[in-house]
Each structure stands twice: as C-alpha cells, then as structure tokens.
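Data first, discussion second: the structure below is written as structure tokens.
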Amino acid sequence: MVQVSLPTGLTEQQRRRGVQAVVLLVVLLSVSYVAATVAERDLGLLLDTWSRVVAAIIGAGGVVASLASWRSSPHSTARRITITALGIASALVLWYLYLTDVLVRATVQSVVIAIVVSAVVFVAANKWFDASLKDWRRFSALTGVIGGAAVSGLLVGNRNMGLFTGSGEALADRSLLLVPVIAVLCGAVGIALTAVKGQPGKAIVGAAGGAVAGLLIGAFFRSGSLPALEPVALLAAPLLGAALFAGLGQVRGRPIVPAAVTGAAFGWLIGAFGIPSLGDGSVIEAIIGTSVLGALVGLRLGLSPEATMESRIRLERKARAVIFLAPALLFIAATLVIPTIRTMWLSLLDRTGGEFVGLDQYRLAFGDPNFYDVRRWADIFVSFEFLVFTIILAVGLITVLFTRKQIDQFWPPRLSIATGGSVLLAGIASIGWATAPEQAATPTVLTFLAIVLLLGILVMVIRYLKAHPGNSGISGGSGMALTLAMIFLGLALFTNLRGTLFNNIWWVFLVTIVATGVGLAIAALSDGAKGESFAKAMIFMPMAISFVGASIIWRFMYIARPPTNDQTGVLNSLWVGLGQLANSGAAVPVAIGFFLLVGGLVLLALRGFLSGAMGIGWGSVFAALPLAWIGSLFLTGNIGGVTEGPGGQLIADPILFLSGTNQVGAYNNFFIMVPFIWIYTGFAMVILSAAIKGVPSDLIDASNVDGATESQKFWRVVVPQIAPTIGVVVTTIIVTVMKVFDMVAVMTNGNFGTEVLANAMWKAAFTQGNRGLGSAIAVMLFLLVLPIMFVNIRRMQKEFH
Amino acid sequence: MRIRKLRMIAPVLAAGLILAACAGDEEVPDETPDDTTEEPAEEPDDDADDDAADDMDDAADGDLAGTAVTVFGPESSENEAGSMQDMLNAFAEANDMTISYTGARDFSDQIGAQAEGGNPPDIAIFPQPGRVVDFGEQGFTLPIPQDVLDTITPQWPEGTNAAYEAGGETWGLQNKTDLKSILWYNNQIFADGGYDVPDTWDGLKDLSDEMIADGVTPWCVGIESGPATGWVFTDWMEELVLRLEDEDVYDQWVAGEVEFSDDRIVAIGQEILDLWNTPGAVFAAGGSIASTPFGDNGGPLVNGDCAMHRQANFFAAFLPEGTSVGPDGELDVAYFPAAGDGREPVLTAGTAAAAFRDAPEVWAVIEYLASAEGTTERQRAQAARVALDAGDEDPPPSGYMSSNLEQDLSVYSELEQSFVEILQQAAPARFDASDMMPGAVGAGSFWTEGTSAVNGDKSIEEAFEAIDATWPD
C-alpha cells in the first residue's frame, strides 16, 4: 500500500529546518533562474523559459542536495566538507554544461520529463485506485475519463482520428481537442453506471452510453482509417468470439453472459477493424464499427455485478500489484513479446510485408540448396576423415579387448564381433577411399555395407558398455582412441553435410564441445597449480575483446598473399616457412629431433605397459604415432606451404584459411570458429574453475581414503559434483553460438560455404530487401534456441525449489 | 497512397484487450489500430508539389536559412565523401543552411535498417536503381516533384532517369554517372613488352596469353567487397553480355526473360573463368580472387605485379597517392575492347538521390545534387583533392563523373572529358544489370553464387542454375 499523506508529528526543530530548506531552495531557484537569464544574454544563447526553469532546478536542486548531504552525512567534518563541495561543484558544472551545450540540454530535458511523467503517472495511478476504496462514483468517473482519454489520445496520435478543418500540420494540433471531449463523455457514462441500480437498467445505460461514445469516435475517423466492412467477417467474428469466451467462462465457472459479451466485443473489434482493409470505407461504416463496439463494451460493464466493499478491496489490491508491475511488463512487451509476434507474422508475408503468402518464405529458405545441402551424404563414407575414423575405431576396440580387467565378466562374442566388424569397416572404407575418383564418387554397395556395419558396431558397443558399467575397459589409451574416432566421424559428417543450417549445427557442436572441454581441462589441471591465477587471467583475457575485434585480429592472422609476395599473415608465414625449412638442409636435423621425441615416447610407453599404467602406455603410443609421421614428412619435404614450380624452383603455397574450396571448404567454418573458441574457453574456464573449487574437500578426502586415482577422483567425484555448472556453461555457449553473426559477417560474410542463420537473416532482410524471408529465418533461429532456453529455465527452477 | 491491410493488429490487440480485461472490471478496450502498420508519410503528394514549387524559387532569396538537411550515401573514401561535403557546403553557405553528408561502405545494409527503424536520413544516395524504386513503392521515399523534374530532365541525356521510374512516378534523380568499361593498364609493362592495347575481346585474350608466356602476370582481379562481395564478377559478366551478345539479350537478361542457365550466358561466364583460371593469369593480392578486396588492386597494378585491370572510372580513388594517369604516367586507360563487330557498347552505373522527408530544403538539395551547378561543383572539389594528393605529378582521374549535359566541362581533365563525351553520346549504353535485377538476385545470389563459381566451389552451370532458382516469380 502506498501512503500518500502529509507527514505529521514533526518536532518544532524539524519544522523550522523544513521551512529553512524551502526558503533556501526558493532563493537558490531565483538566483539560478536570474543567473541563467544573465548567462543567456552574455553568452549569446537562445533559451526558452522551460530551459531556464530546468536550469534553475538543476543548479538549486544540486546545491540543496549537496547541503542536505552535509547535514545527514555520518563522516568526519573534513570528509563532509569535501563531499559537499564536490556535490556543489558538479551541480554547477552540470548547470553550466546544460546552458551552453545543446546536446546536454536535450538529454537533461528528456530525463527530467521522463522522471516527472513517470512519477506523475505512478502517483496518479495510486490515487486513482485510492478512489476505488473511498468513493466508488468518483472512481467510476475517473476510470471513464482515463479510458476515454487513452483511447482517443492513441487514435488521434496515430492519425486515425482527427478534425477535418484547416490544413497541413495545424490539423493534428487541433485534433487534440477531441481528447477532452471524449474523456468527459466517457466519464459521464462512468457516473451514469453507478447512478443506476438494478440489472436491466444498468445494462441499458451502459450500452447506450458506450454507443454514444463510440459514435462520437467513429464520426471523427480519418479517411485513411475508415474500414470497408465485410458483412461475413462482421457477423462471424463476434459470434466466434462470444462462443469462445462463453466456453472459457463455463470452464472457469464464471457467469456465461458477461463472458460472451466480452468475447463478442473482441470479435467485433477484429471483424470490424482487423479483417477489412482500412482506408476504403465510409464514415458510416466507421460509426457502425465504433458504436457497436462501444455498446458491447458498455453492456459488458453494465452487466458486471454491483460493486461491494469486498470486490472493491479485491480490485484495489489487484490494481496495486499491476501498477508496480506495469512498467516492467510494458517494457518486456514492447521489447520482446511484440517484436517476436510481429516477426512471426512478417515471416508469413511477402518481401515487402504486403501480401499474405503462408509458408512460402519457409519453402523458399529450404528450397535454397545453400541452406540445407545433403546431396553429398554418400561421400561421407568415402571421405578421408571416415577412413581415419574407422582405423582409429578398430584400434580403439582392439585396445578395449586387451585392457579389460575382470576376465569373469568377459563377453567376447559381441565385442569381438564389433572389433572385427570395425576392422572390416576400415578395410571397406579404405578400399572405397582409394578407388573413388577424387573422393567424389557414390559407390552405393560400399556405402550401404559401411552404414550397416557402422550401426551394428555402435549398437554392440553400447550394449557392451551397458552390460558392464564398471568394467568398460575404456580408460587411458582406448578412451583416447574412441574419442579421437568420434572426432573424425564428426569431421567426416562435417565436410559433407553443408549449408547454412548444418553450419549452425556444426558451430553449436564444435564450439560448445571444444570450448567447454578445454575450459574444463584448464580449470581442472590448473587447480592449485603454481601461477594459476596468472594463467587464468591470461586465458580469460580474450573475453574482454569484442567479437568484431577478435574477428579482425584473426583475419589478419589467416590472411594469404600471392606466392610472389611475402606472407603477411602469421599462420601462413609459419606454414610457408615450415615448407622452406623442410626443403632446406635443416630438414634432416629437424626430423632427427622428431624421431628422438618419438624414441622418448616409446620408452615411456614401455615403462607404462611394464608397470601396469596402461593409460600412460597407450597415451604415449598415440602421441608418438603422429610425431613419427610428421618427422617422416620432413625427410620427404612434403610438409609446409611450398610447391615445386615448372622449373623445379620452390613456390610458396599458402593456405586459404577462409576461402578454401570444395571439401576443404568445410574447414573455412572451423577457422571462423577458432576465435570464438579462443574467447569462450576463458568463459568456461572461469565458471568451471569456481565450481571445482566449490567441491567439498571431505568428498575428495573420502575418495583419497578409498585409494582413488587422480583420474577416478576427477571423473567420479569432481565431475558429478560440478555437472549442473557444466550444464549452465554448455547451454549458455550453445545459445550464444546459435546466434553467431559478427564473426561470420566480418571474416567471410557468409561466402565460401560459411553462411550461418543470423547472417543469412540479415542479408535476406536488409541487403536483398526480403523482409518475409529474413523473418522466416529469424523464426527458425528462435525455434532452435527455444528448447535449450526451456531446458535452462527448467533447471534453474529446479535449483530454486 | 495505398493503405495496407491491418490484419496483423488483431492478435496484438486481442492480447492487449486480455491484459486490459484482467487488470480490472472497468477498463475500456483499446481499439487503436497498431501504429506499426502506419505509413510514414500519409499525404506527401499534393503538399510536396506545392511547397517545393514555392520554395525552389525562394532558394536563391535565402528562404532556406536556418534549415538543416542530412544526406547519407555509399561514397565513404576521403576524396569522395570529402568532395561531396565540399559541394554541399557550397550550396549550404549560399543559402545560409547546413547540409551534412555521411558515407558508409555498407550503405546498402544500413539504409534498409534505418528506413525500417523510422530513422532515415533526409536524402539517401542510392547506387542501385532497383532499390530506389523499391523504397519508393514501399512508401519510404517520396516521388520527385514535377517542377524539379522539369528543371533537371533536360539537363541529362535522354532516358537517364528512366531506371528510377515506376508507377508513373520518378523516385530518384541521378547525380553521378560512372563509366565502367575502362581498361586500366601499366604503361611501363606495355612499353617494355612492346604490347599494344587490343581493339577486340579476342585480341585481349591473345594479349593475356602472350603476357603469360613472357612471364608477365596480365591481370589484377579481386572481387571481395564486404557484404557486396562478387559485384566485380557481375560487372565482367555485364560487359561481356553487352559485347559478345547484344543490347537486346542484355535487356532480356535484366528482365529475367533470358535465364542465367541460358547457354549464351553460361558460355560468357565460362569465358571469364577460363581467362582468370589460366595459370599465371591473375595476381590476387589476397591469395585468391574471391578473397582479394576490389580496392586492393591499385597498388599491385602500379607496382607492376600485373599489367591490366578492368574497373570503372572511380577506381582512381583506390590508386596509391600520387599515381599519375595518362600517356606519360604510370598508368593509362583505354576503352575496354568490344567484340569487334562495329558496336562499341558502354556499361554505366551511377547514384541517384531520393528523399525521405517532404520539405522545401530537401527538394532544393535534391535538385542541386543533380543540377549542372552541383555536378560541376562536385567535380571541381574532387579534382582539387586528387590534385593535392598527386603533388607535382599528373593527377589521375578524380573518380567522379556525371553526364549532365550543361555542366562546365572545363573542370574535367582532357582524359575525363573524353570519358564524359563517351557517356553523353554513348549508344548503346546500359545501366549495370545487377543493380536493376530484383534484390534477391542483383544484391543476392548473383553476388554469392558468382563468388562460389569464381572460388571454384561450384561450376559455372551449377552456380547459374542456383541463381535462376532464386529469381522471384
């Protein structure tokens, strides 16, 4: 409840101070006003009275507020003096700026107006509902006046209604006269409604009053808003509305007749002003439209039961809540709900937002092969990435067979079949890959075989894992291999399923997994390590860089120059430099260095195997293999960015990171994702690190007592504890990534197969001028984000309860 | 003025009504038609004519004093935007008003957002006739008043503003004309190699091969241009359709009657890709043609990284400072060779001003932008800026040009005068095709699919079929 009453029970001293303050304020206001006027003359400014008044308020108000803070401040005298002096100084600076700078003046005036209007509306709204308790008739009259003023004011403001005298701009000004007239009329109807008691009379008065008010409104409709009434719609819509609301009323246990009247009013509004085209009708039609609507609304008000004290208290309570919530609700409606609904509606219209075209814009989007391209799906199974996947899968499964621990739960048939199958799959895929011309053929039999085998293996592995939760045999090297295999399977899909929609999906998958995974790894590994806070600060730093800035930085890093020029991009100068190194005398020593590393890893692997630390053993093997491969590439000179020219000379061969073609072009996407990952890894790390530090230490101690290894502690104690946080990080990144726009716009603008939904939406709506298509893509993006938001909100609710 | 159907307000209002109904028993329903569907200007036609007629006469008397006009356009380089502002300042000072010009490289994107957001400039300078008409027909911009048309139309070659007409109204006035069919070449390389500028397209291809054989890279090509990446390729397409086919095919192609997948159009696309994809034919400063900004070709051409470049007269604005152009300069220019069948077609482009606000000062500025005084002033300002950059050297073409018939030709250099004469008399002359095609093609798939084809992501047939698929019905 808001108490708007005069403060009573003041002491004599307080009263005297109050009087002093008011006198001081008045004096300062006058001084400030005079000073503003003098300043106007001497500075050659052009001020109006309003500006001088505001200037006086700023100057005087600032000084009085500063002095008041002096009295109430709890600090020492010196600090009080300083604070007050600073306050007065800044008030005077603002006062001066206000007078001399047009922009400051405009801003301050807007702020003052906004604050005053908000305060007046707030107080008035509370006073309005104070009346509902104190004096029902006054409340009714006030409601009528406010409602009439609001409706007519909006109509006049929107130029739907006006006086048809005069010409040009004067028209709009004089039309405002309509507002008080209609407001008073509606107020009279409000009084009439409280004056009449008893049901038929009240309903009749309401309907008649509403009809008169409507008639007046309709009579002043402007030509551009006159509805060309369509009889069918005019009849059908109110009937439909009445039926719908009556049904709802029945369900909610409310009186049916008033509900039906409300529904009929809605229906009439839509039938008379929503469906017909505006601007083609006559004044008579407008009057019919508004007066019947007015009559229905009046009838509904007349039908409502006599206001008892109880209902008035209920109304008053409800109103207070609404008054407090209204600003926030209005803000949300204006910035979120209405644009969303409008976008959905626009997506059903043609390119200029004129004609209704149904789902044509969605068909247009999906009909574009650049949007949704699965024509190369068969190539998945003959791609290089798939070949690598099958080989690693086979290796991983064989590893699983050898690293199981409990022989009694050994279940050889299925797992062995799976392993054998994946070896077979690797064979088939490699044959297919080796024989397919330029990796682009569609060998149907091989593809079919590969799919069947792949599904079979997946099913068997899953069943095996389900049957042996504690003894999956997946740890260390085999886990690494299976993970690696999955990554390559992803890459195989990634390079062959193309188009805007798939690009977005790849963004979500890759960025989310990599950023969260790396962030988690850093958070876990750095926990308690030396220099932890410094390292984390450095990794978090990119978060401070804008997406656009990061995109420009990385574009410079990726840039390629013609072979005849020096490479100016960091990555390409490294790459070309590597090629020159591999083709120079230094290649052999470098290769030897690599082989030494490999030798070290082999020793480490042996030690691991011998000591029973299978993870270390297999990990070393998997690290050694690529290093050995790279070392051998140095020997043959086949590494780095150079090619041989016709004369045998070396020519630089830079990588076109962002504009690679065909299959390689799929990686253009990936190179745009890198800066995004670069930024969001820091985000994931900070949040997950905080969560890890929040894991209760007694849990860790207990697992220590149980003799858990480090990896067991991490996977079975820490990760389950921080799972909700991981969920938050993942969903946050997914939603952010789904909407990615700036990176793509800056780095490639969607060319070279890197288009994403947000950029496509922008292009469609603003470059090509097809608002419908742009809206349709926006709606799709919204629908894709929705389930993730839903999951997120549900989880938040669960945590609160 | 057409008032659109307001069907969509129904659900919104219904939601509003429900809220109102929940709030209390005595709320009066809000039956206001939603302002989102309101047209920004309801009665511009009649008033516009009268006001402008009165005030255009007053312009000289200083009745525009104290008014302010904002102009927004795509020209954003220091020389272009600067001389635009210089030119507008001349008019503003004479009339004691203020005119401010803002230029943005992504004008095409921004103007749509500004108009949609209800925050447009007073005047926008559009580089594409299709969009001028679009904005007019959607009710964002206002038709040019008859008296302004009466003043301006006789000053330009016949049919200049035809591209901006639709529905019996003219929605924009051309204020700048670009001559696209220009071959820029490096004098030193041509002198050293003893090459001659060829007269025919076949001759040009032979010259290209000859240069490759001599170890000279003949072409600089780059088609990257931010959101508009690909337009350089569309220019090449247009030049060659106009040359290897003829004006009729060109017009039918613009109108969508000759499809992109038509054998003749595909063959021309292939012709271009064959020329560019010949090993050693193209120097691409950004690593590949599709990732080289079109403006980055000036430096390599002057340095001798390549011998030739095809670009419009405004390419001068992208040359390194101090570059001299002419028979004795570092670069020289020639007419881009035709088929050799006697026709010498010319491809043009240009910008046109359209008004978003109905006020006498706005129409005065629109008229000034297209008038002989305005274009003369603009060229004077731009030539002065370029001359300042060039120092003691011969200045290159200013980058600005107009085909206004009454302008003072003495502000143009001899070279530019020859360009202007080509423009004023050109027959056949055609406006840039992509700028006249529907937005989904001309500012959409023609750019993106063209880029895919140039980058080798798609064959020219695949790319052009994809363009046909996006042509609105």
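The values are calculated or read from the model by the stated rules, or taken from the named source; none is laboratory data. Because the structure is a prediction, the values reported are computed rather than measured. Neighbour counts are summed over all protein chains in view; Cβ atoms, including those assigned to glycine, are modelled from backbone coordinates with ideal geometry. Side chains included, ligands, DNA and RNA excluded: accessible areas come from the protein's heavy atoms. Shrake-Rupley method; radii C 1.70, N 1.55, O 1.52, S 1.80 Å.
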Listed by chain and number, the lysines with an alpha carbon less than 25 angstrom from that of A:LYS713, same-chain partners under 8 positions apart left out, are A:LYS405, A:LYS466, A:LYS530, A:LYS536, A:LYS693
Long-range amide H partners of B:MET401, meaning residues 5 or more apart or on another chain whose placed amide H is closer than 5 Å, are B:THR177
May I ask you to evaluate 6.51 cos²θ - 1.76 cosθ + 1.60, the Karplus curve with θ = phi - 60°, for each residue of segment B:327-332 and list the ³J(HN,Hα) values in order in whole Hz, giving x for glycine and proline? x, 9, x, 6, 10, 9
Which of A:TRP50, A:VAL598, A:ILE616 sits farthest toward the positive end of the charge dipole of chain A, with +1 on the Cβ of Lys and Arg and -1 on the Cβ of Asp and Glu? A:TRP50
If you find the alpha carbon centre of segment B:221-291 and of segment B:134-177, how far apart are they in angstrom? 29 Å
Cβ-based net charge around B:ALA113, under 13 Å, with every Lys or Arg adding one and every Asp or Glu removing one: -1
Paramagnetic reach from A:LEU650 (point 7 Å along Cα→Cβ, amide N under 20 Å) across segment A:582-615: A:582-595
List the residues, sorted by chain then number, that are 5 or more residues from B:SER76 or on another chain and whose placed amide H is less than 5 Å from its amide H. B:ALA81
For a test of the definition: using alpha carbon positions, the gyration tensor, and the 1.5 limit on a/c, classify segment B:319-419 as rounded, prolate or oblate. oblate
What are the ³J(HN,Hα) couplings of segment B:446-457, residue after residue, when phi is run through the Karplus curve with 6.51, -1.76, 1.60 and θ = phi - 60°? Round to Hz, x for glycine and proline. 4, 5, 6, 5, x, 4, 4, 5, 5, 7, x, 6
Scoring only Lys, Arg, Asp and Glu (+1, +1, -1, -1) among other residues with Cβ under 14 Å from the Cβ of A:LYS713 yields -4
Take every DSSP beta bridge whose two residues both sit in the protein assembly as shown, then give the antiparallel share in percent to the nearest 5. 60 percent
Sorted by chain and number, the residues with a modelled amide H under 5 Å from that of A:LEU650, at a separation of 5 or more or across chains, are A:GLY645
Structure-based [θ]222 nm, chain A - -39500 (n - 2.57) summed over DSSP H runs of at least 4, per residue, nearest 500: -24500 deg cm²/dmol
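Determine the total buried accessible area between chain B and chain A, counting protein heavy atoms only with a 1.4 Å probe; round to the nearest 100 Å².
The buried area between B and A, both sides summed, comes to about 5500 Å².
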Over all alpha-carbon pairs in chain B, figure out the percentage whose distance exceeds 39 Å. 27 percent
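Under the classification rounded if a/c is under 1.5, otherwise prolate if a/b is larger than b/c and oblate if not, where does segment A:12-100 fall, given a ≥ b ≥ c as square roots of the Cα gyration tensor eigenvalues? Display every interim value, and only then the final one.
Working: a/c = 3.61, a/b = 1.66, b/c = 2.18.
The shape class here is oblate.
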For the table A:LYS318/A:LYS798; A:LYS134/A:LYS202; A:LYS127/A:LYS318; A:LYS134/A:LYS318; A:LYS739/A:LYS763, the rows whose alpha-carbon distance is greater than 20 Å are A:LYS318/A:LYS798; A:LYS134/A:LYS202
Which of the lysines could a cross-linker bridge to B:LYS205, judged by Cα under 27 Å and excluding same-chain residues fewer than eight apart? B:LYS180, B:LYS458
Taking a ≥ b ≥ c as the square roots of the Cα gyration tensor eigenvalues, with a/c under 1.5 meaning rounded and otherwise prolate when a/b beats b/c or oblate if not, the protein assembly as shown comes out oblate
With θ taken as phi - 60° and the coefficients 6.51, -1.76 and 1.60, list the Karplus ³J(HN,Hα) couplings across segment A:756-768 in order, rounded to whole Hz; mark glycine and proline as x. 10, 4, 4, 5, 4, 4, 4, 4, 4, 6, 10, 7, 8
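Take every DSSP beta bridge whose two residues both sit in chain B, then give the antiparallel share in percent to the nearest 5.
Just about 55 percent of them are antiparallel.
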If you roll a 1.4 Å probe over the heavy atoms of the protein chains, what accessible area per residue do you get for chain B, in Å²? 36 Å²
